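Laboratory data are not the source of any read-out in this text; all were calculated from the coordinates shown. Worth saying up front: this structure is predicted, and the values here are computed from it rather than measured. With ideal geometry, Cβ positions are generated from the backbone for all residues, glycine too; neighbour counts draw on all protein chains shown.
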Amino acid sequence: MNNVEFTDIKDKIDFERELVPVVVQDFEDNEILMVAYMNEEALEKTIEEKTAYYWSRSRQKLWKKGEESGNTQKVIDLYLDCDGDTVLLKVKQKGGACHTGHYTCFYRKLTDDGFKEVESKVFDPNIVYGD
């Protein structure tokens, strides 16, 4: 990924629906941190800067992971699935990946009593984002 230009790989990725899902994984222990979406601009910036950019469907804008919180994602590896319509990022996560303050967005596990939090927060979202 060190010397790859977005234009070299753009035609391999299926942006037919404008956005591609992105699975984000910790590069050291392979824990799934989050799932997000990228448009072409987000993927291009991610490749150029080696830091994760996504498209926010709720805010309808490009965002750099950690731009508010400081909880950035340095991209170590980028994979493309067999259909060319889903991206896997292996990242070095700084702080928590989840806006709730957890390291991963997948911190709730289904038990016989319903969903239970199985992970502690690594930061206070009220301090980082305000109330």
With bins of 10 Å, the percent of all Cα-Cα pairs of the chain per bin from 0 is 12, 42, 32, 12, 2
For the chain, with a Gaussian network of springs between Cα atoms less than 10 Å apart, report the residue from D11, D85, D26 with the top mean-square fluctuation.
-> D11
Pull up the cross-link candidates among the lysines for K61, meaning alpha carbon to alpha carbon under 18 Å and not fewer than 8 places away within one chain.
-> K45
Cross-link reach list, lysines versus K94, counting only Cα pairs under 16 Å and skipping chain neighbours closer than eight places = K50, K64, K65, K74, K121
Hey, can you grab everything whose amide H is under 5 Å from the amide H of H102? Only 5+ residues off in sequence or another chain; H modelled, so Pro and N-termini drop out.
-> V122
Label point 7 Å out from I9 along Cα-to-Cβ: which residues of segment 89-108 have amide N under 19 Å?
-> 89-93
Any aspartates and glutamates with Cα under 14 Å of the K90 Cα? List them, leaving off those in the same chain fewer than 8 positions away.
-> D26, E28, D29, E31, D77, D81
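Using a 10 Å cut-off around each Cβ, can you sort T7, T72 from fewest to most neighbouring Cβ atoms?
Numbers: T7 9, T72 16.
Sorted ascending by nearby Cβ count, the order is T7, T72.
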Coil-residue trypsin sites (Lys or Arg not before Pro) of segment 33-85, DSSP, other Cβ within 10 Å capped at 16 | K50, R57, R59
Under 5 Å from the placed amide H of T51, counting only residues 5+ away or on other chains, we find V75
DSSP beta bridge pairing in the chain, given as percent antiparallel to the nearest 5 = 80 percent
Using the alpha-carbon atoms, what tilt in degrees (0 to 90, nearest 10) does helix 40-49 show relative to the longest principal axis of the chain?
-> 90 degrees
Counting other Cβ atoms within 10 Å, keep those with at most 13, restrict to DSSP loop, and tell me which GluC sites (Glu not before Pro) in segment 34-131 are left.
-> E67, E68
